[in-house]
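Report on one structure; see the data block that follows.
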Number of protein chains: 2
Amino acid sequence: MKKTRYTVAVIGATGAVGRESLEILQERKFPLEALRLFASKRSAGESLPCQGREWRIEELTPGGPFEGIDFAFVSATDAISREYGPRLAEAGVTVIDDSAVFRMDADVPLVVPEVNAHALASATRRIIAIPNCTTTPLVMVLKPIHDAARVKRVVVTTFQSVSGTGAAAMDELIEQTKALLSFKEVKAEVYPHQIAFNCLPHVGSFGEGGECSEETKIVNETRKILEEPQMRVTATTVRVPVLRCHSEAVNIETERPLTPNEARALLSAMPGVIVFDDPVRKLYPMPLDAAGKDEVFVGRIREDRSITNGLNLWIVSDNLRKGAALNAVQIAEAIIARA
Amino acid sequence: MKKTRYTVAVIGATGAVGRESLEILQERKFPLEALRLFASKRSAGESLPCQGREWRIEELTPGGPFEGIDFAFVSATDAISREYGPRLAEAGVTVIDDSAVFRMDADVPLVVPEVNAHALASATRRIIAIPNCTTTPLVMVLKPIHDAARVKRVVVTTFQSVSGTGAAAMDELIEQTKALLSFKEVKAEVYPHQIAFNCLPHVGSFGEGGECSEETKIVNETRKILEEPQMRVTATTVRVPVLRCHSEAVNIETERPLTPNEARALLSAMPGVIVFDDPVRKLYPMPLDAAGKDEVFVGRIREDRSITNGLNLWIVSDNLRKGAALNAVQIAEAIIARA
């Protein structure tokens, strides 16, 4: 007999994404049998609400126990994913992992349900990865364009909010801003430089070719999700003093012509995407408006006349929702629907 | 006999660029005979210091008088440039104009002295335009790359500070930030939306094809300054909650190959450009560091492997200095040197 209610674990329950997961499980009336919240020792014993009940936070330790858990949403650190991902999977748990640890593994599907739910069938290790919070909105916009006109090349520049780093980074932006406005000393601990009233062309860590890890992720993950291992993508990723929501300026070259109006029609028909594009009336996506929303917003859709088949557009999405917690919950829902 | 000291007018003396002009005239020990400061009636009668003297602010009226002025730095509104530019030129003044009014006129040179000082010879109308504050740093970086490897196409995304709009916009960002931190109502007057903790993909006004005027300016002005009327350039311009300095993510395709190291060498040799590029040590240009500096800073120089001859790089420059007041003063200096 098919299960109708599920036991869900949230690993990293007190983090920015973990807390968002609880809100989303509640909003979407996810069929919860029970909720297991895991965090560090510091938070153990406290409790958090979801679906009208209070759930006690447990300390995450190798002993678990993890038996009986159906789905685990893992959003903590790469080290925790590396250790607990396989451990949970061995205990029979379907792991939906938000880290970069497993994303590029051939036997781990990297899934945005609206784009490649079919890839869930290949989750032989019982680990499913969700993409980086800048990749998810990007592939949701690229997918219908690629299907219609074949994407030849993408140049993307990101404007990433501090919540992508976590709750401590949000506090740091606020504290730095307060300090500046009262002429006090600014402390930078989460980021290497002041983020308040500044831009840092640096997300993640730097590798050999001068790219930062976020830039490499966008390229590799986009190719994997769209199943185009040679797709030509280049990225520049920048942290901006915004609390929530990532924005992306995207330049797209297609093989076949596609007018801005055709692109608007394709994107309007894409589940999870909202076209918000009337700049003369000063309507375009902004981080402020997209915060707390489930959809990926796209606007500033216009011809790029510097090439034959070129489009420019502007994407904004809530990095904690579709960029992380929502996408993970949607994957669990898709697995349930497939069962 | 050649003059050795000059009478300079600053039109818009109390604005963000006007005040910067006074600082720059002082720092560079510009050979001032006298300074004439013009502003609206509101500021007339007040005075501002420069080179150890106080200069009274006059109300700008059609009657001037403008005779005897050698150079006028005009940085107010398009309407003021349109009215007073020709009037000053007719009175024998060399007008160095910061507005968009004359930039694309065939008989008005559009000058960044390090890039195209030779164009000053064609100032038959005695009006010289300075480029938009995002174009100036861009062409300073493109010029040596174009000379060495021929630029085929440029995709640029800007991160523009509020000081590009003026002093009132700087106040608005500060006031909105204060209001948000104290849970008070946020007022947006200068911009159509809240700029604090937000990004607005909107600089200037929107035209027919969905481009905003700042995007069109970057394309047209870059072509004019580099004397490449067909150069393929596309831009997305975004206002970010930064007080001062504009940043630009630039993707460049060249005809001939150019390694990042070759680009670094070329850019290091370019007057007015500083290569600041050691990301592993967390050194890259940032608005915070570039504020008050004369140079254009470039970093994050790396290969774009999505095309055969591709480079990505990141530019930061002080929009009030090289982007406006400094470039204007340098033009006056270049004219004096040529005389």
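Restricting the stretch B:247-272 to residues that are under 21 Å from the mean Cα position of the chain (by Cα) and at the interface with another protein chain (Cβ under 10 Å from one of its Cβ atoms) leaves a set whose member that is farthest from B:LYS152 (Cα to Cα) is B:SER247.
Check A:ASP294, A:ASP289 and return the single one that is within 23 Å of the chain's Cα centre (by Cα) and more than 10 Å from chain B (Cβ to nearest Cβ). That would be A:ASP294, the only listed residue that is within 23 Å of the chain's Cα centre (by Cα) and more than 10 Å from chain B (Cβ to nearest Cβ). With respect to the stated conditions, A:LEU88 fails to be buried (at least 21 other Cβ atoms within 10 Å of the Cβ), under 16 Å from the mean Cα position of the chain (by Cα) and touching a residue at least 60 places away in the same chain (Cβ under 8 Å).
Of the strands (runs of 3 or more DSSP E) lying entirely inside the stretch A:186-290, those containing at least 2 residues that are among the basic types (Lys, Arg) span A:232-239. Can you find a residue that is among the polar types (S, T, N, Q) and surrounded by fewer than 19 Cβ atoms within 10 Å (Cβ to Cβ) anywhere in the stretch A:131-138? No, because not a single residue in the stretch A:131-138 is among the polar types (S, T, N, Q) and surrounded by fewer than 19 Cβ atoms within 10 Å (Cβ to Cβ).
For the stretch B:220-239, the set of residues classified as within 8 Å of chain A (Cβ to nearest Cβ) and closer than 17 Å to B:CYS133 by Cβ consists of B:VAL233, B:THR236, B:VAL238, listed by residue number.
Within the stretch A:159-175, the set of residues being touching a strand residue (DSSP E or B) at 6+ places or on another chain (Cβ under 9 Å) and within 9 Å of another protein chain (Cβ to nearest Cβ) comprises A:PHE159, A:SER161. For the stretch A:235-246, the criterion of being surrounded by fewer than 17 Cβ atoms within 10 Å (Cβ to Cβ) and either touching a strand residue (DSSP E or B) at 6+ places or on another chain (Cβ under 7 Å) or assigned by TED's automatic domain parsing to the domain that holds A:SER213 (or both) is met by none of the residues. Does the stretch A:324-337 include one or more residues that are assigned to a loop (DSSP other than H, G, I, E, B), at negative phi and away from chain B (no Cβ under 13 Å)? No, every residue in the stretch A:324-337 fails to be assigned to a loop (DSSP other than H, G, I, E, B), at negative phi and away from chain B (no Cβ under 13 Å). Looking only at residues in the stretch B:176-206 that are more than 9 Å from chain A (Cβ to nearest Cβ), surrounded by 14 or more Cβ atoms within 10 Å (Cβ to Cβ) and not hydrophobic (A, V, I, L, M, F, W, C), the one that is nearest to the chain's Cα centre (by Cα) is B:GLY204. Among the numbered conditions (1) assigned to a loop (DSSP other than H, G, I, E, B); (2) surrounded by fewer than 13 Cβ atoms within 10 Å (Cβ to Cβ), the only one that A:PRO49 does not meet is (1). Note on the stretch A:204-229: among residues that are in contact (Cβ under 8 Å) with a residue 60 or more places away in the chain and in contact with a Gly (Cβ under 8 Å, 6 or more places away or on another chain), the one that is farthest from B:ASN261 (Cα to Cα) is A:LYS217. Does any residue in the stretch A:127-149 that is more than 27 Å from A:ASP78 (Cβ to Cβ) come within less than 8 Å, Cβ to Cβ, of a residue that is surrounded by fewer than 24 Cβ atoms within 10 Å (Cβ to Cβ) and small (Gly, Ala, Ser) six or more places away or on a different chain, and which pairs are these? These pairs meet every condition: A:PRO144/A:ALA269. A:THR157 meets all of the listed conditions (1) surrounded by fewer than 17 Cβ atoms within 10 Å (Cβ to Cβ); (2) under 30 Å from A:VAL190 (Cα atoms) but one, namely (1). Of all the listed residues (A:LEU173, A:LEU142), the sole one being of a type outside the set (Val, Ile, Thr), assigned by TED's automatic domain parsing to the domain that holds A:LEU243, under 29 Å from A:ASN312 (Cβ atoms) and not in a loop (DSSP other than H, G, I, E, B) is A:LEU142.
Here A:ALA13, A:ALA72 are screened, and the one residue that is of a type in the set (Gly, Ala, Ser), buried (at least 21 other Cβ atoms within 10 Å of the Cβ) and assigned to a strand (DSSP E or B) is A:ALA72.
The values are calculated or read from the model by the stated rules, or taken from the named source; none is laboratory data. These figures come from a predicted structure and were not determined experimentally. So basically every Cβ, Gly included, is an ideal-geometry build from the backbone, and we count neighbours across all protein chains shown.
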